[in-house]
Amino acid sequence: MSRIKDILNAEDALPAEIRWKKAIRGQIGTIREEMERLRRLERLLFHTLYSIEITGDFRTDDIFSFIQAMQPEKEPSNDESREQFFNEHFTPEEIEVIDGLPTFDTDDPKADEWVKLLRDIRDHMHEPPQSPVAQRLAKRVMDCAEAFFGGNTEVMEKYWELIRPSPGDAPVVYGLDYKLMAYIDQIVEWYEKERGKERDEQDDRRRS
């Protein structure tokens, strides 16, 4: 409120109404800047929370991100980057399918479910793809994919390939590094193969 007080106390020939409007608009601008700073900090906190959930560790890089988030300059938001990625690679019809994917900078229940699943997968990457534990994880992956993509396997497969990083590169999507995605591919491939066998056996029984 100090800016309002300074403007009103200044010796000014402007009418009181104009001085009040000027003071209020200035204060609104200050509030909006602070709200944007707090939104950036909130997004960072959610990212850090999900990072700890996925990896079980707090990275040194997160400390520097906290410091950077406290600075006043505006940075491109993750929402803007996400929208740009969608527009570059997908048709409007496909964007409607993937628009409901989890976001990692808000309190999103879908993100919470997905992050917990990624943590479980990461903790069991030593399991052979055909093991019961790995296959239960694969079913959870497929259940999430069904919910996130509304059963549209074509868009799901396109999205999965687009976000796949090269070995040694940083993840394109939060939490999905190259090794984790490769393991998910293995357990899901085995899961789909077994489901295919079950369907074939059912078809054989119906024909006999």
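Annotations for the structure displayed:
- The stretch 125-208 - accessible surface per residue (Å², probe 1.4 Å): 63 Å²
- The stretch 104-208, accessible surface, carbon-and-sulfur percent (1.4 angstrom probe): 50 percent
- Within the stretch 101-140: backbone nitrogen closer than 14 Å to the GLU53 label point (7 Å, Cα to C-beta): 102-121
- In Hz, Karplus ³J(HN,Hα) per residue of the stretch 93-99 (6.51, -1.76, 1.60; θ = phi - 60°; x = Gly, Pro): 5, 5, 4, 4, 6, 8, 5
- Remark: for residue pairs LYS139/LYS193; LYS139/LYS197; LYS110/LYS139; LYS116/LYS139, the C-alpha separation exceeds 19 Å in no case.
- R0 of 41 Å, Cβ-Cβ distance GLU34-CYS144: FRET efficiency to nearest 0.05: 0.65
- Sites SER131 and THR153, calculated FRET efficiency, Cβ-Cβ separation with R0 25 Å, nearest 0.05: 0.50
- On the beta carbon distance between ASN87 and ALA170, with R0 = 25 Å, the FRET formula returns roughly 0.70.
- Dividing the C-alpha radius of gyration of the stretch 125-195 by 2.2 N^0.38 Å, with N its residue count, gives 1.10.
The values are calculated or read from the model by the stated rules, or taken from the named source; none is laboratory data. Keep in mind that this is a model prediction, so the values were computed, not measured. Cβ coordinates were reconstructed from backbone atoms using ideal geometry, including for glycine residues, and neighbour counts include every protein chain displayed. Side chains included, ligands, DNA and RNA excluded: accessible areas come from the protein's heavy atoms. Shrake-Rupley method; radii C 1.70, N 1.55, O 1.52, S 1.80 Å.
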